[in-house]
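Take a look at the structure set out below.
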Amino acid sequence: MESSQHPLLAGLTAKERSQVGLGSVDFEDGNTLYVQGQLLDLVYLIISGQVAQIARDSKYGVRAVADLLGPGEAVGPIFDPENSVARFDYLARGAVTTLVLSADDFRQLCTHSQGFTRSMLKYVSSKARLFEDRAIALGRTDITRIIFDPGLLNRLTAQFILGKRVLPVALQGATLTVATANPDTSAIETDMRRFFNASRIIFFRISAKDFERAYRESVQGHLDIVPTDDHSWFRAVKNRDYNVSFNETTDKPMEATRKDSELEGASIVNLTNKIIGEALDLGASDIHFEPFPGGMDVRYRMDGELLKRPERVNPGYLHAVLSRIKVVAGLDIAEKRKPQDGRLSATCQGKSVDVRVSTVPTRYGEKIVLRILDPSSMLLDLESLIESHEVFKAVSWMVRQPYGMILIAGPTGAGKTTTVYSMILDRRSLPTNIMTIEDPIEYSLRGVTQVQRNLHVDLDFPSAIRSFLRQDPDIIVVGETRDAETARAALEAGLTGHLVISTVHANNVFATIYRLKEMGMEPFVIANSVIGVLSQRLVRRVCPRCSQTHQYHRNLIEPLGLLDIGEPDGNYYLFRKGTGCLHCNHKGYKGRAAAFESLVVKEELKGLIAANVPYTEVAREAQRLGAYVPMHRYAAALLTAGITTPEEISRILFSEAKSESLSAPDSEG
């Protein structure tokens with residue numbers, strides 16, 4: 001718009017134009033034209049760009065965009081020339097060009113120029129809605145118009161915001177205003193009070209759709225995270241070709257059992273090789289082939305996160321790709337009605353891995369999951385696996401005992417099997433007879449007798465343990481203690497002069513003991529057999545190549561209850577965080593580390609466990625004796641060493657705290 005074309009100046013005569021002083025002022029993005037309460041001594045006529053008219057609620061401190069003013073509009077004492085105080089904040093949105101008129105000249109024109117008065121009346125009538133009550137009505141305000149304070153948003157992690165569906169809007173004194181799509185505000189009120197030191201929380205409800213829209217349009221950019229639909233992680237492998245070879249014993253059946261002409265042709269082989277090669281190149285632990293009507297998605301699990309492959313498989317290749325995988329794994333390609341399990345070995349770019357293959361029939365066809373077993377990432381010595389000297393000392397003591405039972409607890413996918421193998425490697429160098437019963441056998445270990453559980457011939461965990469006792473074992477490894485019969489056989493083996501190592505699904509070290517009690521094991525047997533318990537979770541490692549120091553507000557860190565992390569620099573702690581690079585596929589994380597808690601069952605604790613006292617009393621005594629290293633202390637060590645981030649620690653500790661309250665009883669029985 002040319003300056004002469006501004007509608008408020010259109011009614012002026014040439015003489016009237018010459019009698020007023022018109023200046024020109026340019027504003028950059030974010031510049032302030034007026035703040036609420038400021039004297040309105042100038043009128044800005046907008047020529048180009050946009051100006052946000054921002055309403056501030058004095059009671060709650062909420063700021064929201066009331067209107068966006070564009071070319072042809074004005075900022076100043078337009079609606080009430082005698083009112084000289086701004087009722088709104090006015091901020092430039094991008095570059096803004098204006099003509100400037102003094103308030104005195106504006107009032108003179110309103111009084112003496114009929115043409116200007118007509119233009120003003122026309123403009124004011126078109127903006128009449130602005131004379132309505134401009135107070136922010138929580139619950140009726142368009143959430144995307146609210147201006148979020150980055151300082152408040154950065155006190156929370158993106159995971160917390162998305163998980164709890166909560167958005168901090170304003171902090172006025174000790175009163176926090178929060179927008180939420182969570183129907184249970186009581187579940188988040190305590191956390192919000194703790195994070196923001198607020199004595200009063202005001203919630204206003206928004207829909208799930210509005211929450212997602214506000215997060216996407218107004219919040220996400222402040223949190224410095226990679227959007228979930230970003231495909232930058234895939235760019236490094238997108239145009240690469242891979243030559244994957246399978247071992248001779250699995251490749252031969254393909255030629256002998258090929259029944260479908262689909263399997264012919266290099267395109268199917270190349271596509272299958274590319275998918276498997278991409279997974280190995282990206283460091284994925286699993287490949288998911290997921291059918292849907294008319295096609296199939298491929299997803300890679302990388303550092304615990306399941307990411308969809310951006311390039312979809314041609315629907316015409318769907319059955320051929322799945323058939324090739326099944327044949328290479330030694331499965332029946334004609335059987336599509338029941339689950340099957342198989343195994344294959346693959347080599348790509350000089351790297352050899354074992355792959356477990358599992359199929360299940362679904363509504364839209366077979367789903368196949370490939371679990372990649374990489375010895376280089378799984379066969380670690382204890383010193384490489386455990387970062388804390390306290391926990392390393394405790395575990396080293398456990399595995400050096402001649403008899404008793406060691407339990408490793410945690411949810412599925414927490415890395416329990418890796419810990420078990422690390423314990424085996426620690427003892428394998430000694431003159432010992434180690435026997436394992438596993439389902440499945442993850443890796444073949446020389447010098448270790450490994451037995452595959454086989455229910456078809458009644459070879460289960462308890463029967464294997466009983467058979468092992470006649471084989472003069474020093475160490476017995478049980479893949480999982482999941483039922484009373486297995487638990488009893490393992491505990492009795494630990495009482496009769498053998499070291500038993502096993503895993504169990506439990507949430508923490510104390511819940512593990514009560515898990516055995518729930519299986520019907522006598523407390524005195526548990527007390528005399530179990531010598532140590534580990535509980536673990538996995539956190540993502542900060543990428544070493546793009547790691548930088550990052551500020552975290554103390555209100556985000558201190559509620560985690562971490563021990564020995566030092567003092568903040570003012571209101572901020574300094575920890576490492578990855579910015580994203582080619583090495584980590586632009587995620588900021590590369591690889592995973594285990595976070596442990598450990599319990600050594602000392603003599604003083606055996607009496608308490610045998611007496612079936614409440615779990616809290618056992619925990620207090622263990623801490624007093626120095627027999628217990630809590631997850632909070634280990635997590636602090638990972639954080640201060642720059643291995644992981646507060647976001648990752650928050651994820652495992654919040655889930656840990658929740659599970660502790662649900663899983664372990666606080667009284668007898």
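What to note about this one:
- Annotation: I201 fulfils all but one of (1) of a type in the set (A, V, I, L, M); (2) at pLDDT below 80; (3) closer than 12 Å to P168 by Cα; the unmet one is (2).
- For L109: the one exception among (1) surrounded by fewer than 21 Cβ atoms within 10 Å (Cβ to Cβ); (2) farther than 22 Å from Q38 by Cα: (1)
- The one condition in (1) in a strand (DSSP E or B); (2) open to solvent by 10 Å² or more (accessible area, probe 1.4 Å); (3) not hydrophobic (A, V, I, L, M, F, W, C) that G532 fails to fulfil: (2)
- Among the residues listed as L534, L574, L560, the single one being free of Cβ contacts under 8 Å to residues at least 40 places away in the same chain, of a type outside the set (S, T, Y), touching a Ser or Thr at 6+ places or on another chain (Cβ under 7 Å) and under 22 Å from Y634 (Cβ atoms): L574
- Only one of I287, I325 that is in contact with a helix residue (DSSP H, G or I) (Cβ under 8 Å, 6 or more places away or on another chain), at pLDDT 90 or above and either part of a strand (DSSP E or B) or surrounded by fewer than 22 Cβ atoms within 10 Å (Cβ to Cβ) (or both): I287
- Candidates in segment 309-322 are the residues that are part of a loop (DSSP other than H, G, I, E, B) and open to solvent by less than 20 Å² (accessible area, probe 1.4 Å); of these, the one that is farthest from L271 (Cα to Cα) is R309.
- Flag: D281 does not match the condition of being part of a strand (DSSP E or B) and surrounded by fewer than 18 Cβ atoms within 10 Å (Cβ to Cβ).
- Of all residues in segment 461-481, those satisfying the criterion of being crowded, with 17+ Cβ neighbours inside 10 Å and either of a type in the set (D, E, K, R) or closer than 19 Å to G520 by Cβ (or both) are F461, P462, I465, V478, E480, T481.
- Within segment 392-431, restricting attention to residues that are under 25 Å from G283 (Cβ atoms) and β-branched (V, I, T), the residue that is modelled with the highest pLDDT is I408.
- None of D381, D341 is more than 20 Å from I268 (Cβ to Cβ) and free of Cβ contacts under 8 Å to residues at least 60 places away in the same chain except D381.
- Of the strands (runs of 3 or more DSSP E) that lie entirely inside segment 336-415, those containing 2 or more residues that are of a type in the set (D, E, K, R) span 340-348, 351-362, 365-373.
- Yes/no for T177 being surrounded by 15 or more Cβ atoms within 10 Å (Cβ to Cβ) and either at pLDDT below 80 or closer than 25 Å to A52 by Cα (or both): yes
- Number of positions in segment 604-620 that are open to solvent by less than 40 Å² (accessible area, probe 1.4 Å) and in a helix (DSSP H, G or I): 6
- Test result for G580, open to solvent by 10 Å² or more (accessible area, probe 1.4 Å), out of contact with any helix residue (DSSP H, G or I) (no Cβ under 8 Å at 6 or more places or on another chain) and in a loop (DSSP other than H, G, I, E, B): no
- Within segment 330-378, being closer than 21 Å to G295 by Cβ and open to solvent by 70 Å² or more (accessible area, probe 1.4 Å) holds for K336, R363, Y364.
- Check on V313, more than 31 Å from the chain's Cα centre (by Cα), within 29 Å of G591 (Cβ to Cβ) and touching a residue at least 40 places away in the same chain (Cβ under 8 Å): no
- Restricting segment 112-137 to residues that are assigned to a loop (DSSP other than H, G, I, E, B) and either of a type outside the set (V, I, T) or modelled with pLDDT of 75 or more (or both), the residue that is surrounded by the most Cβ atoms within 10 Å (Cβ to Cβ) is S113.
- Near pairs, Cβ below 7 angstrom, 6+ apart or cross-chain, from segment 148-162 (within 14 Å of T180 (Cβ to Cβ) and in contact (Cβ under 8 Å) with a residue 24 or more places away in the chain) to any residue that is small (G, A, S) and in a helix (DSSP H, G or I): F148/S218; F160/S650
- Among the residues of segment 551-566, those that are closer than 16 Å to F195 by Cβ, open to solvent by 20 Å² or more (accessible area, probe 1.4 Å) and not in a strand (DSSP E or B) comprise R554, E558, P559, G561, L562.
- Residue, least open to solvent (accessible area, probe 1.4 Å), within segment 432-452, restricted to residues that are of a type in the set (D, E, K, R) and modelled with pLDDT of 85 or more: E438
- Qualifying residue in segment 372-391 (condition: modelled with pLDDT of 90 or more, among the hydroxyl-bearing types (S, T, Y), within 29 Å of the chain's Cα centre (by Cα) and farther than 30 Å from G626 by Cβ): no
The values are calculated or read from the model by the stated rules, or taken from the named source; none is laboratory data. Predicted, not measured: the structure shown is a model, and the values here were computed from it. Here the Cβ is made from the backbone with ideal geometry for all residues, glycine too, and neighbour counts use every protein chain on show. The protein model used for the area step is the full one, side chains on, heavy atoms only, and it has no ligands, DNA or RNA in it. Shrake-Rupley method; radii C 1.70, N 1.55, O 1.52, S 1.80 Å.
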